[in-house]
Amino acid sequence: QERLVESGGGLVQAGGSLRLSCTASGIVFSRLTLGWYRQTPGMRREFVARITRIGSANYADSAAGRFTISRDNATNTIHLQMNNLKPEDTAVYYCNTWAPLDRFWGQGTQVTVSS
């Protein structure tokens, strides 16, 4: 079964850090560009970062300079290291392919940043 499962969210104070993980199963992980997205209540899901199969990364303006996306093809996992977190980073974070496919939207992982 094709799945992407997110983990690593939590509650952190502004200025703190979190590392999110997304583990894939049932897909040819190493061939895919994968990304992180986030959504707050009442808002559209938005792009955060993506990483190509060879490790090239792109970031939304809101994430550039604070977030780092990485991948480990040996473990079928991508990570999102988030530093200097801000209250406006509070959201449910999801991983998916780039471009995202409906069948891969999972439960996400909640990130809450307190001021």
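The values are calculated or read from the model by the stated rules, or taken from the named source; none is laboratory data. As the structure is a prediction and not an experimental result, all values here were calculated from the model. Please note: Cβ atoms are built from the backbone with ideal geometry, for glycine as well, and neighbour counts cover all protein chains shown. All accessible areas refer to the heavy atoms of the entire protein, side chains included, with ligands and DNA or RNA removed. Shrake-Rupley method; radii C 1.70, N 1.55, O 1.52, S 1.80 Å.
Just to be sure, is Val28 open to solvent by 60 Å² or more (accessible area, probe 1.4 Å), of a type outside the set (Lys, Arg) and farther than 25 Å from Lys86 by Cα? Answer is yes for this residue.
Inclusion of Arg38 among residues that are at pLDDT 95 or above, charged (D, E, K, R) and surrounded by 14 or more Cβ atoms within 10 Å (Cβ to Cβ) is warranted.
Please work out if Val113 is assigned to a strand (DSSP E or B) and closer than 16 Å to Gly10 by Cβ. Taking the combined requirement at face value, the residue satisfies it. Could you tell me which residue of segment 40-56 is farthest from Tyr93 (Cα to Cα), considering only residues that are hydrophobic (A, V, I, L, M, F, W, C) and within 12 Å of the chain's Cα centre (by Cα)? Per the stated criteria, the residue is Ile51.
Checking the structure you have, find out if any residue of segment 63-82 is open to solvent by 60 Å² or more (accessible area, probe 1.4 Å), modelled with pLDDT of 95 or more, of a type outside the set (Ser, Thr, Tyr) and farther than 25 Å from Arg3 by Cβ. Checked segment 63-82: at least one residue is open to solvent by 60 Å² or more (accessible area, probe 1.4 Å), modelled with pLDDT of 95 or more, of a type outside the set (Ser, Thr, Tyr) and farther than 25 Å from Arg3 by Cβ. Of all residues in segment 1-26, those satisfying the criterion of being of a type outside the set (Gly, Ala, Ser), touching a residue at least 40 places away in the same chain (Cβ under 8 Å) and out of contact with any His (no Cβ under 7 Å at 6 or more places or on another chain) are Glu2, Arg3, Leu4, Val5, Glu6, Leu11, Val12, Gln13, Leu18, Cys22, Thr23.
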